[in-house]
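Here's the structure, in structure tokens; my notes come after.
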Amino acid sequence: MNEKMFGDFTRREFLNVAKGTAVALAVGGLANTSKAAMEHVLPPLPYPANALEPVISANTISFHYGKHHKAYVDNLNKLIARTELAEMPLEKIIVATSGKTDKVAIFNNAAQAWNHGFYWHCLKPNGGGEPTAVLKQMIEASFGTVEACRNELATAAASQFGSGWVWLVLAGGKLRAVKTGNADNPMTQGMKPLLTIDVWEHAYYLDYQNRRGDYIKGVIEKLINWSFAAENLGKS
Ligand code: FE
């Protein structure tokens, strides 16, 4: 996973816990520090809102990050307050609630919070181009060529019916391009996400209307952050 992002996330959560602990100590005990102390926070965008223009506009980013992503984080905090899940890091909540019919709302908001935090790092200004050496070798071993990998990601995006995500994952020692519906994340199927592209309409509709293929093409050619994928691969 992205150590920078989730490292930051953990530090922020720690600060919240620490803050709760300090308050509890001030009132004379630690007994009630736990349940409401750990709150998930909206992680900062790794670049300014206009940094991905012209492929993704600042307007899209402002709604996507400031409204959609924020709502998933806020909803998650409300849904898990004073439950045993309030103590868990995001990834554990996702795995613990996946497939549980009585936890669908929690899973959806937790997974969407994670997916979006991951997605922002999968893009960067002046991205695209060629992957770095080790990742490139693995892509060639798994797909034949980098171009074939790009094509499989684009095909997965085009064929995802309705909302969802396209992923480059590590599964069984090989790289694969997979798609998931709605909030689903391949980590619940034992696969390790290396990259993702959001294919919900809110990711592209303001800029491209119904032309999802144009958005995907722009992302893959100009924004995709292969270095981030390589970092994630390095932690496998
Ligand atoms: Fe989204």
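Once the 1.4 Å probe is applied to the protein heavy atoms, region 133-234 comes out at 42 Å² accessible per residue. Backbone phi angles across region 205-218, fed through the Karplus curve with coefficients 6.51, -1.76 and 1.60 (θ = phi - 60°), yield HN-Hα couplings of 5, 5, 8, 10, 6, 8, 8, 4, x, 5, 4, 4, 4, x Hz in residue order; Gly and Pro are listed as x.
Computed from backbone phi, the HN-Hα couplings of region 100-116 come to 8, 5, 8, 10, 4, 5, 5, 4, 4, 6, 5, 5, 5, 4, 5, 4, 5 Hz, rounded to whole numbers (Karplus: 6.51 cos²θ - 1.76 cosθ + 1.60, θ = phi - 60°; Gly and Pro given as x). The accessible surface of region 73-140, taken with every protein chain in place and a 1.4 Å probe, is 53 percent carbon and sulfur.
Taking Cα centre as origin and charging only the Cβ of basic (Lys, Arg, +1) and acidic (Asp, Glu, -1) residues, the dipole magnitude of region 87-236 rounds to 200 debye. Grab the beta carbon distance between residue 206 and residue 105, set R0 = 22 Å, and tell me the FRET efficiency rounded to 0.05. In this case the efficiency is close to 0.25. Taking square-rooted eigenvalues a ≥ b ≥ c of the alpha carbon gyration tensor, is region 57-203 rounded, prolate or oblate, where a/c under 1.5 means rounded and, failing that, a/b exceeding b/c means prolate? Prolate, because a/c is 1.5 or more and a/b exceeds b/c.
The values are calculated or read from the model by the stated rules, or taken from the named source; none is laboratory data. From a predicted model like this one, the values you see are computed outputs, not experimental measurements. As a convention, Cβ positions derive from the backbone with ideal geometry for all residues, glycine included, and neighbour counts pool all protein chains shown. Remember, those area values only see protein heavy atoms, side chains included, never the ligands or the DNA or RNA. Shrake-Rupley method; radii C 1.70, N 1.55, O 1.52, S 1.80 Å.
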